[in-house]
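What follows is a short report on a single structure.
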Amino acid sequence: MAVKSMSKSGIGPPRIHKIQALLGILFLAVTGWKVAGSVPDISKFVLVLAPHTSNWDLPFILAVMYGLGLEINWFGKKEIFAWPVGGVFKWLGGIPIDRSSRQKVVQQTAQTIREREQIVIGIAPEGTRSQSSHWNTGFYYIASLAQVPIVFGYLDYARKVGGFGPMMHATGNIEADMKVIREFYGGITAKYPHNVGEMIVSQRARPLGAEQVVQHEKR
C-alpha cells in the first residue's frame with residue numbers, strides 16, 4: 001500500500017462553498033458526531049464509502065465531507081433523482097446511474113476522472129443498504145483505469161465518528177488489495193452491522209480487468 005500526501009499538480013482536492021461547509025458542521029454538532037483524519041492533498045481520487053447499511057449513511061457522510069470542506073460526487077440509482085428531490089440530490093453531488101449497465105459505468109466514470117482536473121468520486125461498494133453477499137468491485141477498476149488512488153472513507157456508528165482512513169493504489173492484485181481493505185473496515189461499526197456485505201470478490205460481479213477494458217476501448 002502506497003501513501004502520498006501531496007498532489008503532483010499542487011492543485012489539491014475540490015472544495016465546497018462555505019454555506020455547505022457550515023451546514024455540514026451544524027449537522028454534525030446537532031447529532032453529536034465528530035470527524036477524524038484529514039483530506040488528502042491530491043486533486044482527484046476514488047473515495048470508498050463504507051459500510052453502507054442505512055439511508056442515514058448519505059446525510060452523515062455528506063456532513064462529514066462538508067465539515068472537512070471537501071466536495072464529492074456520488075452515485076445513486078436513477079429513481080431517487082425524480083422530482084421533487086432530484087435537483088437537491090444533484091446539488092449535493094449526486095450522479096444518477098443505470099445499474100443495469102455496470103461495465104459502461106466503470107468505463108465512463110474512469111474517463112470522466114481522467115478528463116477532470118479536480119474530482120472526488122464517492123462509491124459505496126456494497127451498492128445497497130440491504131444485506132449484500134459481497135462488495136461490488138467497480139470502485140477498484142475505476143481507480144485502476146483512471147490511475148488515481150483509493151481513499152478509505154468511513155462512518156463508525158459505535159463511536160459516532162466519520163472521516164478518512166488510509167490511501168492506497170490498486171496494484172492489479174485485487175485479492176491482495178481487498179485483504180488490506182478488509183483489515184481496515186473490519187474495525188468499523190455500521191448502523192446495522194447484520195447488513196454489512198462480505199468484503200470478498202465475486203467472480204460473477206467482477207467487471208473486466210483494467211487491462212481488458214483498455215484493450216476493449218482501443219478496438
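The values are calculated or read from the model by the stated rules, or taken from the named source; none is laboratory data. Note that the coordinates shown come from a computational prediction; the quantities given were computed from them, not determined experimentally. Please note: Cβ atoms are built from the backbone with ideal geometry, for glycine as well, and neighbour counts cover all protein chains shown.
Miscellaneous remarks
- Restricting attention to the stretch 43-54, the residues that are modelled with pLDDT under 95 and surrounded by fewer than 20 Cβ atoms within 10 Å (Cβ to Cβ) total 1.
- Some residue of the stretch 81-101 being surrounded by fewer than 17 Cβ atoms within 10 Å (Cβ to Cβ), within 19 Å of V151 (Cα to Cα) and among the hydrophobic types (A, V, I, L, M, F, W, C): no
- Counting only residues that are small (G, A, S) and over 24 Å from G186 (Cβ atoms), the stretch 38-72 holds 4 of them.
- Filter pass, D57 being buried (at least 18 other Cβ atoms within 10 Å of the Cβ) and touching a Lys or Arg at 6+ places or on another chain (Cβ under 9 Å): yes
- Residue match in the stretch 33-42 (condition: at pLDDT 95 or above and over 20 Å from M167 (Cα atoms)): yes
- All of (1) within 16 Å of P14 (Cβ to Cβ); (2) modelled with pLDDT of 90 or more hold for A63 with one exception: (1).
- The condition (being touching a helix residue (DSSP H, G or I) at 6+ places or on another chain (Cβ under 8 Å), modelled with pLDDT under 90, under 28 Å from L92 (Cβ atoms) and of a type in the set (G, A, S)) is satisfied by just one residue among S144, S132: S132.
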